[in-house]
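Notes for the one structure printed next.
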Amino acid sequence: MPEEKMIRARLTEMCGADCVQQDVPMSEHTTFRTGGSADFFVTPKDKDEIVSLLRYLRQSGTEHLILGRGSNLLVGDNGYRGVVVDTRTALGDIEIEEDIVSAGAGAVLGAVAGMAAEASLAGMEFASGIPGSIGGAVFMNAGAYGGEMAQIVSTVELMNADGELVDVKGSDMGFSYRMSRAQKEDLPVISVKLKLRKGKRDEILNKIRDLGEQRLAKQPLEYPSAGSTFKRPEGYFAGKLISDAGLSGLSIGGAMVSPKHNGFIINTGNARSKEILDLIHEVQDKVKETSGVDLIPEVRIIGEF
Ligand SMILES: Cc1cc2nc3c(=O)[nH]c(=O)nc-3n(C[C@H](O)[C@H](O)[C@H](O)COP(=O)(O)OP(=O)(O)OC[C@H]3O[C@@H](n4cnc5c(N)ncnc54)[C@H](O)[C@@H]3O)c2cc1C
């Protein structure tokens, strides 16, 4: 049997025919709204299914990508030669007990923050406007407005290199700026427990509203993007370096350095991933020339361009 048919048969056996799709445009699953087709796109139905699938993909050495909400991904126009594993259905649960919030990795971060606020739990307001999954947020140690996941994660259920599920304390997650042990060691995040603190519901909701308004005022949320394109270089702000290099509004095809927030590259309508990538390189070169600083993409660049 040719390899493609064999993989399809195996995926179907594990997750059912209705959960396995082929040639799925990643532009439908990334906030940049760009990217060619993934060879396979699998949406397991529950935790057991996704855990078995990930174990199989890892142990068989099958190329795969764990997808949260696609809000930090630039996938090449010629697509992805592997299996995309969608976490949204299988790992979407959120539960609250006292001051502990438990969520499957695929749960939407904003929904977790909203439920925590309704339960009068404070500490994750910073995360409410980050449009990722909680698994993606742990993987990236996402942060904003002085907060980051490292501050609130109590334990993370990871799949280790042997395919076993292990509970890892937040303090053992190797968190640093936009970095985690899951990222360093390429380990799937299955679920997350956050430890928050009792607060006043209205104050928490007001803070979430204020931060949302700040985002709306400063970020080009009316255009597809993946948020800040580059990591913050130590001692600098990427947006300021880009602005000082005179690159505000610079465009390649449909990709543009947002004039509203120079740290964002936006898709003005019909951008191709290659145009976004070329613009990333152009910005890196010009900033290096003018300030000597190396900008490192925060966005994960995946697939064939
Ligand atoms: C408008 C906008 C604003 C943003 N603002 C912020 C911000 O303020 N702060 C910030 O930090 N980021 C921000 N981002 C970027 C992005 O939302 C975060 O990086 C987020 O954490 C990515 O989560 P995701 O679920 O979308 O991950 P994806 O984009 O789906 O994946 C990103 C990476 O994480 C991996 N991954 C995802 N889930 C798992 C899992 N369960 N196990 C293992 N690996 C996994 C993927 O394989 C991939 O390598 C913004 C993005 C946008 C579009």
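In the set Gly143, Gly123, Gly82, Gly68, which member is within 12 Å of the ligand (Cβ to nearest atom), over 21 Å from Ile50 (Cβ atoms) and not acidic (Asp, Glu)?
Exactly one of Gly143, Gly123, Gly82, Gly68 is within 12 Å of the ligand (Cβ to nearest atom), over 21 Å from Ile50 (Cβ atoms) and not acidic (Asp, Glu), namely Gly143.
Here is a yes/no grid of residues against (1) outside the structural domain of Glu185 (by TED's automatic domain parsing); (2) closer than 29 Å to Gly110 by Cα; (3) out of contact with any Lys or Arg (no Cβ under 6 Å at 6 or more places or on another chain); (4) in contact (Cβ under 8 Å) with a residue 60 or more places away in the chain:
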residue	(1), (2), (3), (4)
Gly16	yes, no, yes, no
Phe41	yes, yes, yes, no
Leu57	yes, no, yes, no
Leu67	yes, yes, yes, no
Leu73	yes, yes, no, yes
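Within the range 171-193, count every residue that is within 8 Å of the ligand (Cβ to nearest atom) and hydrophobic (A, V, I, L, M, F, W, C).
Selection size over the range 171-193: 4.
Exactly one condition in (1) under 19 Å from Leu53 (Cβ atoms); (2) touching a residue at least 60 places away in the same chain (Cβ under 8 Å) is not met by Ala90; state its number.
(2)
Within the range 162-185, identify whether any single residue is surrounded by 18 or more Cβ atoms within 10 Å (Cβ to Cβ), of a type in the set (D, E, K, R), more than 17 Å from the chain's Cα centre (by Cα) and at pLDDT 95 or above, and answer yes or no.
no
Hey, Asp48 hits all of (1) charged (D, E, K, R); (2) part of a helix (DSSP H, G or I); (3) in contact (Cβ under 8 Å) with a residue 12 or more places away in the chain; (4) within 22 Å of Ser191 (Cα to Cα) but one; which does it fall short on?
Failing condition for Asp48: (3).
From Gly227, Gly269, Gly212, grab the single residue that is outside the structural domain of Ala113 (by TED's automatic domain parsing) and either assigned to a strand (DSSP E or B) or touching a Leu at 6+ places or on another chain (Cβ under 6 Å) (or both).
Gly227
Does Ala9 satisfy being among the small types (Gly, Ala, Ser), assigned to a helix (DSSP H, G or I) and farther than 28 Å from Tyr223 by Cα?
Against the criterion (among the small types (Gly, Ala, Ser), assigned to a helix (DSSP H, G or I) and farther than 28 Å from Tyr223 by Cα), Ala9 qualifies.
Please state which one of Ser154, Ser102, Ser133 is of a type in the set (Ser, Thr, Tyr), surrounded by 23 or more Cβ atoms within 10 Å (Cβ to Cβ) and either under 30 Å from Glu275 (Cβ atoms) or more than 9 Å from the ligand (Cβ to nearest atom) (or both).
None of the others qualify; the one that does is Ser133.
What residue, among those in the range 13-66 that are within 18 Å of Thr89 (Cα to Cα) and of a type in the set (Gly, Ala, Ser), is surrounded by the fewest Cβ atoms within 10 Å (Cβ to Cβ)?
Only one residue fits best here, namely Ala17.
Can you spot a residue in the range 243-260 that is within 16 Å of the ligand (Cβ to nearest atom) and charged (D, E, K, R)?
Yes, the range 243-260 contains a residue that is within 16 Å of the ligand (Cβ to nearest atom) and charged (D, E, K, R).
Determine, yes or no, whether Ala217 is under 15 Å from the mean Cα position of the chain (by Cα) and not basic (Lys, Arg).
The answer is no for Ala217.
Across the range 194-226, what is the total count of residues that are within 8 Å of the ligand (Cβ to nearest atom) and buried (at least 21 other Cβ atoms within 10 Å of the Cβ)?
2
The values are calculated or read from the model by the stated rules, or taken from the named source; none is laboratory data. What you see is a predicted model, and the numbers here were worked out from it, not measured in a lab. Heads up, the Cβs are rebuilt from the backbone with ideal geometry, glycines too, and the neighbour counts pull from every protein chain shown.
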